[in-house]
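K.L.:
Here it is, the structure in full.
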Amino acid sequence: MRDNKWLQDIELESETVKLIPLQPEHADALVSAASDGELWTLWYTSVPNQVSVNQYIDKALTDKQNGVALPFIVIEKSTNQIIGSTRFCNADLINHRVEIGYTWYAKRFQRSSVNTECKLLLLKHAFEQLEAISVVFCTHWHNQQSRAAIARLGAKQDGVLRNHQKMKDGSYRDTVIFSIIDQEWPGVRNHLTHKLSSHR
């Protein structure tokens, strides 16, 4: 399996953004991007700061080595600056299911076309190259912004896992689970493509 992973390094590119595999040398640029809005202060999500960034990257790359994740940095093409991060994670090769998660962007790019572009790139790769049967999105019950953004993609809510994960502060996270399945992908692709065309 180590030599024949489902998730292989790849670069994905749209009109304004590029996704390239995360590397340890991206640490400082990730912290700089997260500093726009001090995103690490959001208690219901996991965004790296100067103290935690190396551990954040190590975990991502360990999961990648184990064949269950493929982490990316998000680059704004016009400036060639790192503006965020996202990844395929919790990959299930046997059942051809994969999650898109750990997604965050510098505050100035939130509510822009960046998230739609990134998700279209990732979903297209998942369904058309990886031949996934389902792409999953998970978020904290209290992360209303993330829940709304996932729903706007065209994903459907599958349910809520109560007391799913213990948080750093000792509280427990209720996880809201959404998914897009392969039969829905053509419609979702048309929806996202139309959304992007209206931005231009």
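The values are calculated or read from the model by the stated rules, or taken from the named source; none is laboratory data. Only a predicted model underlies this, so the values are computations on that prediction, with no experimental measurement involved. Cβ coordinates were reconstructed from backbone atoms using ideal geometry, including for glycine residues, and neighbour counts include every protein chain displayed.
K.L.:
Regarding the stretch 88-108, can at least one residue be identified that is over 24 Å from Lys156 (Cβ atoms) and in contact with a Cys (Cβ under 7 Å, 6 or more places away or on another chain)?
P.N.:
No, the conditions are met nowhere in the stretch 88-108.
Quick grid of which residues meet (1) surrounded by fewer than 20 Cβ atoms within 10 Å (Cβ to Cβ); (2) touching a Pro at 6+ places or on another chain (Cβ under 7 Å):
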position: Phe72; (1), (2): no, yes
position: Phe88; (1), (2): no, no
position: Arg97; (1), (2): yes, no
position: Leu120; (1), (2): no, no
position: Val135; (1), (2): no, no
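K.L.:
Is it true that Ile83 is under 13 Å from Leu22 (Cβ atoms) and either in contact (Cβ under 8 Å) with a residue 40 or more places away in the chain or among the acidic types (Asp, Glu) (or both)?
P.N.:
no
K.L.:
Then there's this: Take the stretch 173-200 and flag every residue that is exposed (fewer than 12 other Cβ atoms within 10 Å of the Cβ) and either of a type in the set (Lys, Arg) or in contact with a strand residue (DSSP E or B) (Cβ under 9 Å, 6 or more places away or on another chain) (or both).
P.N.:
Arg200
K.L.:
In addition: Yes or no: Val74 within 15 Å of the chain's Cα centre (by Cα), modelled with pLDDT of 95 or more and assigned to a loop (DSSP other than H, G, I, E, B)?
P.N.:
No.
K.L.:
Tell me which residues, restricted to the stretch 96-111, are in a loop (DSSP other than H, G, I, E, B) and either hydrophobic (A, V, I, L, M, F, W, C) or out of contact with any strand residue (DSSP E or B) (no Cβ under 8 Å at 6 or more places or on another chain) (or both).
P.N.:
Ala106, Gln110, Arg111, listed by residue number.
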